[in-house]
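The values are calculated or read from the model by the stated rules, or taken from the named source; none is laboratory data. Only a predicted model underlies this, so the values are computations on that prediction, with no experimental measurement involved. Using ideal geometry, Cβ is built from the backbone for each residue, glycine included, and neighbour counts are taken over all protein chains shown.
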Amino acid sequence: MSAPAPPDLRIITSRFDVEDGHTLAGYERTGGYAGLRRALEMAPADVHSEVRTASLLGRGGAGFPAGVKWGFCPPGVWPRYLVVNGDESEPGTYKDRLLMERDPHQLIEGCLIACYALGLSQCFLYVRGEMAHAQERLAAALNEAYEAGYVGRNVLGAPDFSVDITLHWGAGAYIVGEETALIESLEGNRGMPRLKPPYFPASIGLYGKPTIVNNVETLANLPWIVSNGGEAFAAMGADSSTGTRVFAVSGHVASPGVFEVPFGTTTFRDIIFDPRYAGGMRPGRTLKTFIPGGASAPWFFEEHLDLPLEKTTVDQAGSMLGSGAIVVMDDTTDVVKACHNVVRFFARESCGKCTPCREGTSWLEKILSRLLAGQGRPQDLDLLMDVCDNISPGINWPPRQTTICPLGPSAVSPIASALERFRSEFEAYLPATAVTVTGVAS
Amino acid sequence: MARLNANSLGVAQEIIARYPVPRSALIPLLHLAQEQEGYVTEDAMAHIAELVGVTPAEVMGTCSFYEMLKREPVGEYMVNICNGISCHLLGSSDLIHHAEATLGVRPGGTTDDGKITLEAVECIAACTEAPCLQVNYRYRNRVTADDFDQLVSELRDDTAKVASHGQLAMVRQHIGDDRRAGVSPPDGQGEPAWMARNPSDNGDGS
């Protein structure tokens, strides 16, 4: 096993052990706002170049390079906005909340650096509604930062740089984590995704203006990148997955936890089994399957354990690192129930805009429910795959979609994974009579 | 009757002023209405519509999309048991069944004394602390049946130290007038001043 990141290699969770790290005093004492000061000594375009050099991949789920995304605003169109996606809701995901609660100033500093680099004249920090403590930590931090001159009019006394950060909070809707739905919600609407194209936020975003939507963890990396340089960041981790990443390992492990590790070089086996991380399975149990990147991701198995936590490798192996959520299931797991749990989530959270998702996800949930209730029909297993194929034609990875956003295809992942690997467990739920009839008929 | 009271109205106006387009304040204002009454009343929706310049139907349209916004009275304490995949793997179904038996209500129901509304909710981002729940959006981690019973008795005799339903953050954002950069309306200014900076003339940056 490769060694875990020593504490001094942690970039964004370094203040998690500092008792007052969430306060301005604690933040300043531990080097806070040095990145912002450094950025203000540079030309905005040079700050952007550092982020490009860092090859910082977005940490929200899609893993798109932030520096490239930043370059998509059409020239000459102003104003431009920054929207922070703090609507973390992907099942298994649990990192942005900690980053907001334990180091809110780091996020604020990241927002200011992004605004400065790109000429974004107002920032909206959208926090998930259910995260009351994160909201109050951010409100307190913003109040301090405004008072101390870091945010608002004439940042750090600069006559030409002023930017407001508006704290915004949601009200319970997973779909709002999708960036165009987030913008709809921020405009005061029902959180339903917009069609891309034309509504790529960088060109037509908030109020129809160019808008950069970045994840909390992505922005939290900016102070370090600007302080230490994009090359130093790119030197950490793997060539294509640079820096560190924060993963939450939950489920049937001995020591579930949230770990910042070098991105791209740590393996699934390291993070699940190393005693310094999740510490392996619960005593006496063996691994059955694991979800590598949040509920939307196809499941992985024993043979995938030695893959590195590296974007391209995991994509090519047929899944994704997604939002950094690893959910581990041991040999006691009823995979039909686990599959139903994940599918029910997507059925509940479908916004209803696109028919294949609105109808398809709830059909999938109903079919699995009746199977679990002992009322399944022999043809139900094929029917599940047929419905999946209607939502995501071909059931491939990466998924094709018949919907505006990826929520519908996400419900296909657990079914395709579990049914292919554990078909006999699904069949075991079929009532005995039904199985007999099938036998006679065939 | 249950329009926003003077105190809420002051807060509402401060919130609206932070957005270039007033309608953007809708969700925060609906939370504010819920904070005042414990749920969002029709009168509050009408009042909010006036404040941001939309119709009450549009406010209802937004309000009805979001799970946290309740348009009927709920218990003083929302007990939301997480039923996400990580909690499921560590026994959330058992915890939910225990809660149903203890409280005598199904998820969505409120106890007869009006104290507790039980909900089984999707992932609340405390996956390593499964099974978990939130009481009025405050976490309780690794909850056993005994922990749950203890919580219920504390809620019933009001010793749990949890703010009543509707109150989220205990700290509000406040921007002093002298510190405000000012909102950036979509039909507003051209390129921000600092974008004209280049490496040769940026001085010391402050």
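When you go through A:Arg52, A:Arg59 one by one, which is the residue that is more than 14 Å from chain B (Cβ to nearest Cβ), surrounded by fewer than 19 Cβ atoms within 10 Å (Cβ to Cβ) and touching a residue at least 24 places away in the same chain (Cβ under 8 Å)? Working first, answer last.
Numbers: A:Arg59 fails: surrounded by fewer than 19 Cβ atoms within 10 Å (Cβ to Cβ).
It is A:Arg52.
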With the checklist (1) hydroxyl-bearing (Ser, Thr, Tyr); (2) part of a strand (DSSP E or B); (3) more than 28 Å from B:Glu129 (Cα to Cα) in hand, flag the one item A:Thr289 doesn't pass.
(3)
If I ask for residues that are part of a loop (DSSP other than H, G, I, E, B), acidic (Asp, Glu) and either assigned by TED's automatic domain parsing to the domain that holds A:Cys351 or surrounded by 24 or more Cβ atoms within 10 Å (Cβ to Cβ) (or both), which ones from segment A:148-199 would you list?
A:Glu178
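Per-residue answers, yes or no, for (1) assigned by TED's automatic domain parsing to the domain that holds B:Gly10; (2) part of a strand (DSSP E or B); (3) within 30 Å of B:Asn7 (Cα to Cα):
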residue: B:Ala99; (1), (2), (3): no, no, no
residue: B:Thr117; (1), (2), (3): no, yes, yes
residue: B:Pro131; (1), (2), (3): no, no, no
residue: B:Val143; (1), (2), (3): no, no, no
residue: B:Phe148; (1), (2), (3): no, no, no
residue: B:Gly182; (1), (2), (3): no, no, yes
residue: B:Gln189; (1), (2), (3): no, no, no
residue: B:Trp194; (1), (2), (3): no, no, no
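How many residues does segment A:320-355 hold that are among the hydroxyl-bearing types (Ser, Thr, Tyr) and out of contact with any helix residue (DSSP H, G or I) (no Cβ under 8 Å at 6 or more places or on another chain)?
First pass over segment A:320-355, keeping only residues among the hydroxyl-bearing types (Ser, Thr, Tyr): A:323, A:332-333, A:350, A:355.
Right, trim to out of contact with any helix residue (DSSP H, G or I) (no Cβ under 8 Å at 6 or more places or on another chain) and you get A:323, A:332, A:355.
The number of residues fulfilling the criteria is 3.
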Within segment A:191-212, identify whether any single residue is hydrophobic (A, V, I, L, M, F, W, C) and closer than 20 Å to B:Cys63 by Cβ, and answer yes or no.
yes
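Would you confirm whether any residue within segment A:88-95 is farther than 22 Å from A:Pro256 by Cβ and not basic (Lys, Arg)?
So far as segment A:88-95 goes, no, none of its residues is farther than 22 Å from A:Pro256 by Cβ and not basic (Lys, Arg).
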Go through (1) touching a helix residue (DSSP H, G or I) at 6+ places or on another chain (Cβ under 7 Å); (2) closer than 25 Å to B:Ala193 by Cα and name the single condition A:Tyr146 misses.
(1)
Candidates A:Pro298, A:Pro356, filtered to the one that is at pLDDT 95 or above, assigned to a helix (DSSP H, G or I) and buried (at least 16 other Cβ atoms within 10 Å of the Cβ):
A:Pro356
Taking A:Val68 as meeting all but one of (1) crowded, with 17+ Cβ neighbours inside 10 Å; (2) under 19 Å from A:Ser240 (Cα atoms); (3) free of Cβ contacts under 8 Å to residues at least 24 places away in the same chain, write down the number of the exception.
(1)
Over segment A:418-441, the set of residues at pLDDT 95 or above and of a type in the set (S, T, N, Q) is A:Ser424
Any residue in segment B:39-60 that's surrounded by fewer than 17 Cβ atoms within 10 Å (Cβ to Cβ): show its pairings with residues that are modelled with pLDDT under 95 at Cβ separation under 6 Å, as long as the two are six or more apart or on different chains.
B:Asp43/B:Met1; B:Asp43/B:Ala2
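Could you please give the count of residues in segment B:135-151 that are crowded, with 19+ Cβ neighbours inside 10 Å and either away from chain A (no Cβ under 14 Å) or under 13 Å from B:Cys87 (Cα atoms) (or both)? Walk me through it before giving the result.
First pass over segment B:135-151, keeping only residues crowded, with 19+ Cβ neighbours inside 10 Å: B:135-137, B:139-140, B:143, B:148, B:151.
With the extra rule that they be either away from chain A (no Cβ under 14 Å) or under 13 Å from B:Cys87 (Cα atoms) (or both), the set shrinks to B:140, B:143, B:148, B:151.
So the answer is 4.
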So which residues in segment A:22-36 are out of contact with any helix residue (DSSP H, G or I) (no Cβ under 6 Å at 6 or more places or on another chain) and crowded, with 17+ Cβ neighbours inside 10 Å?
A:Thr23
Filter pass, A:Val216 being more than 8 Å from chain B (Cβ to nearest Cβ) and not acidic (Asp, Glu):
yes
